[in-house]
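> Below is the structure I would like to discuss, written out as structure tokens.
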Amino acid sequence: MIFKTVLYILSGLAILSVLLPFIKKDLWIFRVFDYPRLQKFTIIGVLSFLWGMFFWDTRLLIDYAIWITLVFSFFYLGYLILPFTPFGKKMIDRKAVDAGTETLRLLVANVYQYNASYAKLVQLVESKNADIVFLVETDQKWQEGVKSIKKNYPYCIEIPLDNTYGMLLYSKLPFLHAETNYLIDAEIPSVIVDVSFNGTAVRIYGLHPTPPVPQENSHSTDRDAEILMIGKMAHEYEGPCLVIGDLNDVAWSYTTKLFLKISGLLDPRRGRGMYSTFHAKYPFLRWPLDHFFVSSHFRLTDLQVEPTIDSDHFPISISLIIAAKDEENQLEADAEDKQLVEEKIEAGLNDEPI
């Protein structure tokens, strides 16, 4: 039967997509399947239903094995997705804004270098009126295209590049310190900025590492190393801090979980939703690539995925207030986690994929 043959093939591919991420190697084929977790959950749910509907009375052992494996995979993926739904535990509390309370507002956007809708981005920046605007994939044309916002953002770091890894950071808040780093690759920048907010120094780490896809980087080594290096820096910094940008990693990957453990930062998505930002043009192929991770000094007042600016990413914004430090929901790194972090950073620095 053709239908059953197709079901065999699709089921085998779906099960393989669940198994491959268990192989903790940096080669892209193992890492890329971290991304479509919700899509895998949906597809496997449909396949499980079809097996149960049409072949529940089969006498073939292989049919039972496939069906049981699909059902187990469905519940396993559901368990992994649960923290990024309203049913999951929140890592950071939401707090209503009282009159006179100062909020720290940030906007992050991967503009897509070859996109020329500068006016849409400028309009969004003006409407959101954020304190910090961080743009990635920005070349010289983008720097020129958004220069009108500088009248309201007198403090800036501008690194226009034509390799899709340029970045522009604009701030209404005075810089206390600003630096540009090339932690892993001489062509991939990241920034560290200390801003003065309501009498407090707030540190912001902005990054945009390479994704593990063949046309960009065949391994996740560089991405993982850069993310984890920033995580260690954030852990060592004792004041309020945020890590922001297009991390080219999803919120539920084991690298991001390792980052949360080593940094002590919190993910405002948890317990609220996925807030998927990529791919803007394909609704079924969406996952969260653009992030805000915050220290335990912050409470959330708002988190939104913004309307399209004709990029392949949606912009994302957040509003926060500073409150008493609350470390209750931090993830803890054990000795094995710490060793793995060091191994991954060393692999990135030495360009030796794990």
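> Can you tell me which residue within region 95-140, out of those that are in contact with a Lys or Arg (Cβ under 6 Å, 6 or more places away or on another chain) and not small (Gly, Ala, Ser), is surrounded by the most Cβ atoms within 10 Å (Cβ to Cβ)?
Checked region 95-140; the qualifying residue surrounded by the most Cβ atoms within 10 Å (Cβ to Cβ) is Leu107.
> So which residues in region 156-188 are within 21 Å of Glu236 (Cα to Cα) and not small (Gly, Ala, Ser), if there are any at all?
Matches in region 156-188: Phe175, Leu176, His177, Glu179, Thr180, Asn181, Tyr182, Leu183, Ile184.
The rows are residues; the columns are (1) of a type in the set (S, T, N, Q); (2) in contact with a helix residue (DSSP H, G or I) (Cβ under 9 Å, 6 or more places away or on another chain).
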| site | (1), (2) |
| --- | --- |
| Ile68 | no, no |
| Phe74 | no, yes |
| Pro86 | no, no |
| Thr101 | yes, no |
| Val108 | no, no |
| Ala116 | no, yes |
| Leu121 | no, yes |
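> Any residue in region 134-150 that is at negative phi and in contact (Cβ under 8 Å) with a residue 40 or more places away in the chain?
yes
> Now, a different point. Pick out the one residue from Thr180, Thr138, Thr210, Thr164 that is hydroxyl-bearing (Ser, Thr, Tyr), more than 17 Å from Leu104 (Cβ to Cβ) and assigned to a strand (DSSP E or B).
Thr180
> Among the residues of region 219-236, is there at least one that is assigned to a loop (DSSP other than H, G, I, E, B) and surrounded by 23 or more Cβ atoms within 10 Å (Cβ to Cβ)?
yes
> Could you tell me which numbered condition Ile354 fails, if it satisfies all but one of (1) more than 29 Å from Leu124 (Cβ to Cβ); (2) touching a Lys or Arg at 6+ places or on another chain (Cβ under 7 Å); (3) surrounded by 23 or more Cβ atoms within 10 Å (Cβ to Cβ)?
Among (1) more than 29 Å from Leu124 (Cβ to Cβ); (2) touching a Lys or Arg at 6+ places or on another chain (Cβ under 7 Å); (3) surrounded by 23 or more Cβ atoms within 10 Å (Cβ to Cβ), Ile354 violates only (3).
> Would you call Tyr153 out of contact with any Gly (no Cβ under 7 Å at 6 or more places or on another chain), surrounded by 18 or more Cβ atoms within 10 Å (Cβ to Cβ), of a type outside the set (D, E, K, R) and over 20 Å from Pro174 (Cβ atoms)?
no
> Quick check: anything in region 323-346 among the hydrophobic types (A, V, I, L, M, F, W, C), touching a residue at least 60 places away in the same chain (Cβ under 8 Å), surrounded by fewer than 20 Cβ atoms within 10 Å (Cβ to Cβ) and touching a Pro at 6+ places or on another chain (Cβ under 7 Å)?
no
> Moving to a separate point now. Does at least one position in region 238-246 carry a residue that is surrounded by fewer than 21 Cβ atoms within 10 Å (Cβ to Cβ) and in a helix (DSSP H, G or I)?
no
> Working only within region 247-285, note down all residues that are among the charged types (D, E, K, R) and either surrounded by fewer than 23 Cβ atoms within 10 Å (Cβ to Cβ) or more than 26 Å from Asp194 (Cα to Cα) (or both).
Lys257, Lys261, Arg270, Arg272, Lys281, listed by residue number.
> Could I ask something else about it? Go through region 22-44 and report how many residues are in a helix (DSSP H, G or I), touching a Phe, Trp or Tyr at 6+ places or on another chain (Cβ under 9 Å) and surrounded by 18 or more Cβ atoms within 10 Å (Cβ to Cβ).
Number of matching residues: 7.
So that you can scan it fast, the table gives a plain yes or no per residue for (1) in a strand (DSSP E or B); (2) hydroxyl-bearing (Ser, Thr, Tyr):
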residue	(1), (2)
Ala201	yes, no
Tyr205	yes, yes
Phe259	no, no
Gly273	no, no
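> Say whether the condition of being hydrophobic (A, V, I, L, M, F, W, C), assigned to a strand (DSSP E or B), assigned by TED's automatic domain parsing to the domain that holds Ala119 and surrounded by fewer than 22 Cβ atoms within 10 Å (Cβ to Cβ) is met by at least one residue in region 296-303.
There is at least one residue in region 296-303 that is hydrophobic (A, V, I, L, M, F, W, C), assigned to a strand (DSSP E or B), assigned by TED's automatic domain parsing to the domain that holds Ala119 and surrounded by fewer than 22 Cβ atoms within 10 Å (Cβ to Cβ).
> While we're here: Kindly provide the set of residues from region 54-69 that are among the aliphatic types (A, V, I, L, M) and either closer than 18 Å to Val18 by Cα or at pLDDT below 85 (or both), ordered by number.
Leu60, Ala65, Ile66, Ile68
> I'm told Phe292 meets every condition in (1) free of Cβ contacts under 8 Å to residues at least 24 places away in the same chain; (2) within 19 Å of Ala201 (Cβ to Cβ) except one. Can you identify the failing condition by its number?
(1)
> Quick one: in region 156-205, of everything that is of a type in the set (S, T, N, Q) and surrounded by fewer than 16 Cβ atoms within 10 Å (Cβ to Cβ), which residue is modelled with the lowest pLDDT?
Result: Asn198.
The values are calculated or read from the model by the stated rules, or taken from the named source; none is laboratory data. Just so it is clear, the model here is predicted, and its values are computed rather than measured. Cβ: placed from backbone, ideal geometry, glycine included. Neighbour counts: every protein chain shown.
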